[in-house]
Amino acid sequence: MPSFEIAHVIYLVILLLAVVSWFVAQNRQPLNKTLQQVVIWVFIFMGAVAGYGLWDDIRGDLVPQQSLHADGHSITVPRARDGHYYLTVEIDGTPVQFLVDTGASQVVLSIKDAARIGFEPDELAFLGRAMTANGEVRTAMVELDDVDLGGFRDTQVRAWVNEAELENSLLGMSYLQRWSSIEIRDNALVLTR
C-alpha cells in the first residue's frame, strides 16, 4: 500500500476515534444505549468511507462519460471528465471502448477486448515488439474485418494486440488518419470525413 494511502487510513482511524471519544464523553446514559449509538455511527462512518472510495465507479455508472454525435460528415465526441476522449467502436459487430490516443501510431487492442472480438489470445503469434511508457511489450498483429464508428465503416483495419495489461484499447493514428480532419474545439473532438 503506497504511503499516501496509509496516511489516509491513519487519518480516518484517528478521526473515527475522536468522534467516538467525543460521543462517549457527551452521553451520560447507560452503556448499552451508548454502545448502540456508537455502532450506528460506525456504520454511518464506514458507509461514508465506502462511498468516497467507490465514488469514481458510482459516478461512471450514474453520469455518462461521453456521447457521440454524428451529422453525416463528422462525429463530435465530448471530452470525458478525466480529460480524455473515448469512442465506442463496433468491431466485427462487438462494441469496444477505445481511448483516442494521438500518441499511439497503431490501433492497439487489450487482450480482453481482442478475446471479446473473437481472437483467442492463446492462438495469437506475439512476434512484434512495441515500446510503451511502461517498457517493451510483445504484440500480435490482427486484421479487423469491419470497423464501424457512428455509421462510418472501414474494412480490413490492421490492429495490434498488446500482451501487457491495458485499461483501455487505444485508437491510434493508423485509424485516425482515415479521417480528413481531426480537431479539438469547444472541449470536443471532431472527426470529419
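From its DSSP helices (H runs of at least four residues, each -39,500 (n - 2.57)), the chain gives a residue-normalised ellipticity at 222 nm of -11000 deg cm²/dmol. So, in nm, how far is label E143 from label L54 when the simple model puts each one 7 Å beyond its Cα toward the Cβ? In this crude spin-label approximation the distance works out to 4.6 nm.
For the range 89-103, backbone phi angles converted through the Karplus equation (6.51, -1.76, 1.60; θ = phi - 60°) give residue-by-residue couplings of 10, 7, 10, 6, x, 10, x, 10, 8, 10, 8, 6, 10, 6, x Hz, Gly and Pro being listed as x. Considering only alpha-carbon pairs that sit under 8 angstrom and 6 or more positions apart, the relative contact order computed for the chain is 20 percent. Specify which labelled value, from [x] 11, 43, 40, 7, 0; [y] 8, 36, 38, 15, 2, 0; [z] 8, 26, 23, 16, 12, 10, 6, 1, agrees with P(r) over Cα pairs in 10 Å bins from 0, in percent derived from the coordinates of the model shown. The listed entry that was calculated here is [z].
Counting only DSSP beta bridges with both residues in the chain, the antiparallel share comes to about 85 percent. In terms of surrounding Cβ atoms within a 10 Å radius of their Cβ, R193, R185, R116 rank from fewest to most as R185, R193, R116. Fewest-first ordering of R79, R129, R158 by other beta carbons within 10 Å of each residue's beta carbon gives R129, R158, R79.
Hey, fewest Cβ within 10 Å first, where do F98, F126 land in order?
Listed from fewest to most nearby Cβ atoms, that is F126, F98.
Only the coordinates and a few stated rules stand behind these numbers; no lab work does. This is a predicted model, so every value here is computed, not measured. Quick reminder, even Gly has a Cβ in these numbers, built from the backbone with ideal geometry, and neighbours come from all protein chains shown.
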